[in-house]
Structures are given as C-alpha cells and as structure tokens.
1. Sorting 15, 83 on the 10 Å Cβ count, fewest up front, what's the list?
2. Quote the Stokes-Einstein diffusion coefficient, in whole µm² s⁻¹, for segment 1-80, based on the Kirkwood radius over alpha carbon pairs, a temperature of 20 °C and a viscosity of 1.002 mPa s.
3. Per q in 0.19, 0.20 1/Å, what log10 I(q)/I(0) does a Debye calculation on the alpha-carbon atoms of segment 24-138 return?
4. Nearest 500 deg cm²/dmol is fine: what mean residue ellipticity at 222 nm does the chain get from its DSSP H runs of n ≥ 4 alone, each adding -39,500 (n - 2.57), divided by its residue count?
5. Normalised by the number of residues in segment 1-113, what is the relative contact order in percent for Cα pairs under 8 Å and 6+ residues apart?
6. Mind telling me which of 96, 116, 107 comes out most flexible in a GNM of the chain, alpha-carbon contacts under 10 Å?
7. Going by alpha carbons, how many degrees (0 to 90, nearest 10) lie between the helix axis of 18-39 and the longest principal axis of the chain?
8. Would you mind computing, in nm to one decimal, how far apart the modelled labels at residue 44 and residue 123 are, each placed 7 Å from Cα along Cα→Cβ?
C-alpha cells in the first residue's frame, strides 16, 4: 500500500466514521487553543477580559456535513491587538504617532501562532483518528 492509497483510505474512513473524525478534530482544536493561549501577548494592566483567558472553542457537528471547530476570542479589545492601530489618539483626540510602534507590536499574532503550531496539531489529529479506526482497516 502506497502513501497515497493510505491517505485515500483515511479520507474514506472520515466519511464512514464521522463521530471518530469529530472526536479527533475536537482533540486537535483543544490542543490548538492551548497553543494559542501560550502565544497570546499578556498585558501589564489588571482587568477582566484578558486576551489570554478569552479564547473559546466550539464544535459544529451538522448532520450530513463535515465537523467544524470554531476558535474565537471574546475579549472586547481583541481586534485592536490583532489588527493593530493605524492612527493612535489619546483620550482627548490628539494624534499620537509615537504610540504606533508600541500598539502594533503584536499585530497578526493569531495567524503566526496558528502557522507555528499547525504541523503538531495536524499530526495529533491524524494519530488520534488512526487509533480510533485502526480496527476497521483491513
């Protein structure tokens, strides 16, 4: 059996055993959330809704469709950290261009974290799915 045949067989098993595929996807998504939490920038101020503690994961298992995991952040200031600030202003509305570098230093951290951890998470999902359907391979 070549590697292409094995990959094709795993894809067939995904369609035949969606519950096992969903379980392995959920385990991989939980591992990705832990990795994203580890890579999230931590601020110095003490307030509720820290970025690090605001990551949520939700599984969507629709009948007849592939399972899907949604990872999102519910912090109200997440978009400012992720996308950065183009024209920073102080509380009086005065432009503060000297703040731009400090406010944009973590720009794109979510995508960087996903790219950094994707290989390990994918390997985890493959191995857990293979362990679950090992008895069905003939």
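FYI, it's all coordinate maths here, none of it is from the lab. Keep in mind that what you see is a predicted model, and the values were worked out from it rather than measured. Virtual Cβ from ideal backbone geometry, glycine too; neighbours counted across all protein chains shown.
1. Values: 15 9, 83 12.
Listing 15, 83 from fewest to most nearby Cβ atoms yields 15, 83.
2. On the way: Rh = 15.0 Å.
The Stokes-Einstein estimate is 143 µm²/s.
3. -1.06, -1.13
4. Counting only the DSSP helices, I get -16500 deg cm²/dmol.
5. 21 percent
6. 96
7. 30 degrees
8. Distance between the two pseudo-spin positions: 3.8 nm.
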